[in-house]
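Trainee: I'd like to ask you about the structure that follows.
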Amino acid sequence: MNEPRKSLAIEAPYEAGRISRFIADQVIHRFRRRGAVVGLSGGVDSALVAALCVKALGPERVLGLIMPEKESSQASEPLAMEQAAVLGILTERVDLTPVLTALGAYEQKCRVLQGLCPEYDPDTDRTKITLPPRLLEQDRVNYYSLTVEKPDGSRHSSRVGPDDLREIAAAQNLKQRNRMIQLYHRAEKLHYVVAGTTNRSEFVQGFFVKHGDGAVDIEPIAHLYKTQVFELARHVGVIEAIVQRQPSPDTWSGGVTDEEFYFRIPYDQLDLLLSAWGEGVPAEEAARELGLSAAQAARAFREFEARRRATWHLRVAPPSLLEPWPQSVMEAT
Amino acid sequence: MRDIVTQFICEAFPAGAQGRRIEGDTSLLESGLIDSTGVLELVEFLESRFGISVDDADLVPENLDSIDRICRFLARKGAGAAPADGPARASGRLSG
């Protein structure tokens with residue numbers, strides 16, 4: 001029987017070296033490109049990937065693309081700029097607000113939100129959607145609640161129905177998909193690769209946007225759980241203000257954390273549970289080792305399995321009737 | 001009531017139900033018959049079809065994760081008998 005891990009600690013210097021060699025090998029020998037472009041969000045994942053790209057390729061071969069939009073946190077852009085300055089890389093800034101406006105992303109979302117909360121004013125109010133909190137403490141099905149916060153601090157909350165949720169998601173995902181367009185535009189112009197920033201916790205649970213932040217050339221940290229990302233980020237010198245930030249998708253003006261928006265479990269517990277689940281450890285065994293009740297671990301495992309099932313298509317090439325070609329034809333040597 | 005719920009699940013989530021017998025105690029979520037968005041669709045259906053109001057506090061697997069549980073939940077909510085013009089079907093199996 002597999003044993004659950006009580007710690008996901010990594011040997012940071014070794015891991016930094018391993019990943020930087022991977023990046024250099026992929027960029028130079030496999031893709032045969034000159035460098036890498038990273039979408040710098042002001043969060044820890046992209047800061048870490050940028051730092052590892054610098055270690056692999058040198059600062060002159062890394063471009064940080066900063067892509068705020070009007071619902072981004074005001075703190076994100078200055079942090080991204082500060083991190084880029086520490087790394088000594090060039091940056092470019094693209095405000096996505098005009099293109100998202102032209103695509104109707106804000107207008108579509110506003111229409112749905114006003115249907116749920118007629119008093120909602122997009123010019124003054126802050127909004128977010130959240131799942132029921134504390135999955136380990138309470139057995140609730142996943143449903144999103146919209147919170148509208150007025151300038152006077154008053155809050156209105158309402159449950160989001162399935163059609164509204166799909167329309168909100170479709171509008172919101174335009175953000176990540178337009179970031180992908182911008183990243184590939186720079187990458188092709190410079191003969192660079194697009195370096196992805198999805199970590200293992202996000203990857204296995206499908207917490208990324210198909211053809212959005214999931215559309216990249218290489219995924220340097222897809223094997224690291226979020227807690228390991230924090231550890232490695234400290235080792236490679238990611239600025240402390242970024243390491244200390246609450247992880248967030250940064251797509252809602254009300255500021256929502258990854259835990260509130262998607263996982264429902266704090267990252268330290270989430271990663272240990274995900275690791276045990278991924279390694280086939282029985283829920284009862286994981287519960288014993290992690291100091292949880294069997295019911296709590298079983299609930300977490302059920303959630304992981306449901307998300308795995310719902311998001312399988314994010315992790316594979318599009319299904320087709322194309323017969324498998326020899327590897328020598330499909331891949332570079 | 002049971003037949004109406006079963007028919008809705010079979011028709012609204014055909015990929016999950018196809019070729020399977022949905023027993024009264026089959027877990028709708030764990031079996032993959034419905035996903036989390038599907039639960040919201042189920043809730044909307046229960047509200048509109050049976051004229052009940054499902055509160056946030058009601059959104060627990062205990063109330064919604066099997067046909068037996070849904071029927072008990074509807075009974076507790078006072079949903080009573082289905083309207084006379086409602087659809088009804090005896091079997092929970094979809095033929096294909």
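Readers should treat all values here as calculations from the given coordinates under stated rules, not as data from a laboratory. Please read all numbers here as calculations on a predicted model, not as lab measurements. A quick note on method: Cβ atoms are made from the backbone with ideal geometry, for glycine too, and the neighbour counts reach across all protein chains shown.
Trainee: For a quick protection proxy, order the peptides A:306-319, A:100-113, A:201-214 by their average other-Cβ count within 10 Å, most packed first.
Mentor: Numbers: A:306-319: 12.7, A:100-113: 16.8, A:201-214: 20.1.
In descending order of packing, they fall as A:201-214, A:100-113, A:306-319.
Trainee: Over 20 Å intervals from 0, what percent of Cα-Cα pairs in chain A sits in each interval?
Mentor: In whole percents, the pair-distance histogram is 29, 58, 13, 0.
Trainee: Once the other residues with Cβ under 12 Å from the Cβ of A:T147 are scored (Lys, Arg +1; Asp, Glu -1), what is the net sum?
Mentor: With Lys, Arg at +1 and Asp, Glu at -1, the neighbours total +2.
Trainee: Still on this structure: Which of the lysines could a cross-linker span from A:K226 if the Cα-Cα distance has to be under 23 Å and same-chain partners fewer than 8 positions apart are dropped?
Mentor: Hits, sequence-local ones excluded: A:K6, A:K55, A:K128, A:K175, A:K210.
Trainee: Considering every Cα-Cα pair within the stretch A:1-124, what fraction, in whole percent, is farther apart than 27 Å? Show your work: numbers first, answer last.
Mentor: Values: 3135 of 7626 pairs.
Of all Cα-Cα distances in the stretch A:1-124, 41 percent exceed 27 Å.
Trainee: Taking each residue in A:309-319, count the Cβ atoms of any other chain within 10 Å of its Cβ, then average. What number comes out?
Mentor: Working: counts 4, 5, 1, 0, 0, 0, 0, 0, 0, 0, 0.
Shielding by partners across A:309-319 averages 1.
Trainee: Net charge near A:L314: determine it from the other residues with C-beta under 15 Å of the C-beta of A:L314, scoring Lys and Arg +1 and Asp and Glu -1.
Mentor: On the way: positive: A:R177, A:R200, A:K210, A:R307, A:R308, A:R309, A:R315; negative: A:E202, A:D213, A:E219, B:D35.
That sum, taken over residues with Cβ under 15 Å, equals +3.
Trainee: Over every pair of different alpha-carbon atoms in the stretch A:102-166, take the mean of 1/r and invert it; report that Kirkwood radius in Å.
Mentor: Computed over Cα pairs of the stretch A:102-166, the Kirkwood hydrodynamic radius comes out at 12.9 Å.
Trainee: While we're looking at this one, here's another question. Rounded to the nearest 5, what % of the DSSP beta bridges within chain A are antiparallel ones?
Mentor: Counting DSSP beta bridges with both partners in chain A, the antiparallel share is about 45 percent.
Trainee: Check which residues have an amide H placed less than 5 Å from A:D95's amide H, if you skip close sequence neighbours.
Mentor: Hits under the 5 Å cutoff: none.
Trainee: Given H placed on each backbone N at 1.01 Å, which residues far from A:L292 in sequence or on other chains put an amide H within less than 5 Å of it?
Mentor: Amide H to amide H, under 5 Å and 5 or more residues apart or across chains, A:L292 pairs with nothing.
Trainee: Across peptide A:85-95, how many C-beta atoms of other chains are within 10 Å of each residue C-beta, on average? Each step should come with its number before you reach the end.
Mentor: Details: counts 0, 0, 0, 0, 0, 0, 0, 0, 0, 0, 0.
The shielding value for this peptide is 0.
Trainee: Using all Cα-Cα distances in the stretch B:2-76, what percent lands in each 5 angstrom bin from 0 up to the longest?
Mentor: Going from the shortest bin to the longest, the percentages are 3, 16, 33, 29, 14, 4, 1.
Trainee: Here's another thing I want to ask about it. Going by amide H atoms built from the backbone, whose H comes under 5 Å of the H on A:L90, apart from near neighbours?
Mentor: Residues meeting the amide H criterion: A:V62, A:G64.
Trainee: I need the Kirkwood Rh of the stretch A:271-327: take the reciprocal of the average 1/r across all distinct C-alpha pairs and report it in angstrom.
Mentor: Every distinct Cα pair counted, the radius reaches 13.2 Å.
Trainee: Across 5 Å bins from 0, what is the distribution of all Cα-Cα pair distances for the stretch A:218-278, in whole percents?
Mentor: With 5 Å bins starting at 0, P(r) equals 4, 15, 22, 26, 21, 10, 2.
Trainee: Counting only other chains, what is the mean number of Cβ atoms within 10 angstrom of the Cβ of each residue in peptide B:41-47?
Mentor: Partner Cβ neighbours, averaged per residue: 2.
Trainee: Give me the net charge of A:N173's neighbourhood, meaning all other residues with Cβ under 12 Å from the Cβ of A:N173; Lys, Arg count +1, Asp, Glu -1.
Mentor: The answer is +4.
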